[in-house]
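To start, the structure under review is shown below, and the notes come after it.
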Amino acid sequence: MIIKPKVKGFICVNAHPSGCREYVLEQVNYAKIESLAGPKRALIIGCSSGYGLASRISLGFSSGADTIGVYFDREPTERKTASAGWYNNQHMERLAKEQGLEAHSLNLDAFQEETKQAVIEKIRATIKEVDLVIYSVASPRRYVAGEDKWYNSVLKPIGNDFEGISIDTDKGEIKAVKLEMAQQNEIDATVKVMGGEDWTRWIEVLKEAGVLANECKTIAYTYIGDTITWPIYGDATIGHAKKDLDKAAKKIDALLMQDDLRNDGGRAYIGVLKALVTQSSAAIPVMPLYISLLYKVMKEKGVHEGCIEQISRIISTGLYGDSCQKDNAGRLRVDEHELAEDIQSEVKRRWNDISNENLRQLSDFDGYKNDFLNLFGFGFQNIDYEADVDTVLSE
């Protein structure tokens, strides 16, 4: 089958198997040149792509960790491609095993109790226990079996309607964005999906099962941003969900201290990362334009980082080092370059001056588009996209 990208708004509904391997391999090659102190057995909950996948790659190929990954992706058929996350983790597992590492995956809904039990069984049958649990689930909705109810997250401001600008990524044009303020039930549902409840439940279940090693650490990732993104991110439904993550971190930290499990080494962290093109950020109004401007400015100043570089830093300087910046809430911060005054002031200046005529001059929209396509295995120069490929990977 010849596979070309099928983009619908902020999502690509197919993926290229060979391109997904390249997406993984680029990060693996970076990780291999890093030698990081870190765990030897890690569980990554939510590792389809972006920061979750980068975490699994960095831990495996920089720290030599055996990993178990949980993702929820469509598998391929002979006539239809898998979603990118399925290909990504298949390739990651194969490359890890070539290095003599254990790498196991479960393609299941992380929110469900049966998934948690399946992971516990997999841990017991393979790596026995885990030293690090990474929670990087990014889902727009959640099914709660006990209530027989679906909860759907929304991307809305709180308190007031929002009017702003972003990019129509299909047309490559500046467009107006208008969003109605969220109702309380929408805020509550977003917290239910994107907050800290499920992360807490994972640690409770893993601890009860006895598969957390002494000094086990856990981390959940978040984004904070600055004034441009604050109305639709920080002071919005997503922001309320992220505040719930902060509460969960404190609860989990106390849980890890019980029964001397912590031993002065294990604890719960929130890791604050920079804005990047991910399947999640592409869906958030305002973010495509903000990221395009940010990319341009950070690349000009030589401080741009991708997922693998950000994760490498937070692992080496924060989780298993003592040089990572921390804020007043105790969060680990590797977003300092994005939030630097000179970076933000220049992004804001360009934001106010942006137009269809100067879009590519002031922003890195082409870089944004390429990174977006890379998420699905497209846009790599060394891949022949006219070649016939099998959607189902050979053994």
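Taking the stretch 1-154 as the region of interest, the number of lysine pairs whose Cα atoms are within less than 24 Å, with members eight or more places apart or on different chains, is 13. For the stretch 1-92, the list of GluC sites (Glu not before Pro) that fall in a loop by DSSP and count at most 14 other C-beta atoms within 10 angstrom reads Glu78.
Taking every DSSP beta bridge with both residues inside the stretch 7-374, roughly what % is antiparallel (nearest 5)? Let's see the in-between values first.
Values: 16 of 42 bridges.
Roughly 40 percent of the beta bridges in the stretch 7-374 run antiparallel, per DSSP.
Of the trypsin sites (Lys or Arg not before Pro) found in the stretch 1-95, those that fall in a DSSP loop while having at most 10 other beta-carbon atoms within 10 Å are Arg79. From a point 7 Å beyond the Cα of Gln258 in the direction of its Cβ, which residues of the stretch 205-222 have a backbone N at a distance under 15 Å? Counting backbone N atoms under 15 Å from the label point, the list is 205-212.
Once both labels are positioned 7 Å from their Cα atoms along Cα-to-Cβ, the gap between Asp168 and Ser323 label points is 4.8 nm.
Using the Cβ of Lys156 as centre and a radius below 12 Å, the other residues enclosed give a net charge of -3, where K and R count +1 and D and E count -1. Model label sites at Asp366 and Arg74, defined 7 Å from Cα along the beta-carbon direction, differ in position by 3.1 nm. Listed by chain and number, the lysines whose alpha-carbon sits under 23 Å from that of Lys299, ignoring those within fewer than 8 places in the same chain, are Lys274, Lys348, Lys369.
Going through the stretch 89-128, which GluC sites (Glu not before Pro) have at most 13 other Cβ atoms within 10 Å and a DSSP loop state?
Answer in residue order: no site qualifies.
Mean residue ellipticity, 222 nm, helices only, the chain: the sum of -39500 (n - 2.57) across DSSP H runs of n ≥ 4, divided by residue count and rounded to 500, is -12000 deg cm²/dmol. Take the alpha carbon gyration tensor of the stretch 1-130, find the square roots of its eigenvalues, order them as a ≥ b ≥ c, and report rounded if a/c is under 1.5; if not, report prolate when a/b exceeds b/c, else oblate. Oblate, since a/c reaches 1.5 and b/c is not below a/b. Electrostatic tally near Ala31: other residues with Cβ closer than 11 Å to its Cβ, Lys and Arg +1, Asp and Glu -1, net -1. Eigenvalues of the alpha-carbon gyration tensor of the chain, scaled by 5 and square-rooted, set the equivalent ellipsoid semi-axes at 31, 26, 21 angstrom, largest first. Label positions at Tyr143 and Ile11, each projected 7 Å from the Cα along the C-beta direction, are separated by 1.5 nm.
Laboratory data are not the source of any read-out in this text; all were calculated from the coordinates shown. All values reported here derive from a predicted model rather than from experimental measurement. Positions of Cβ are generated from backbone atoms using ideal geometry, with glycine treated the same way; all protein chains shown enter the neighbour counts.
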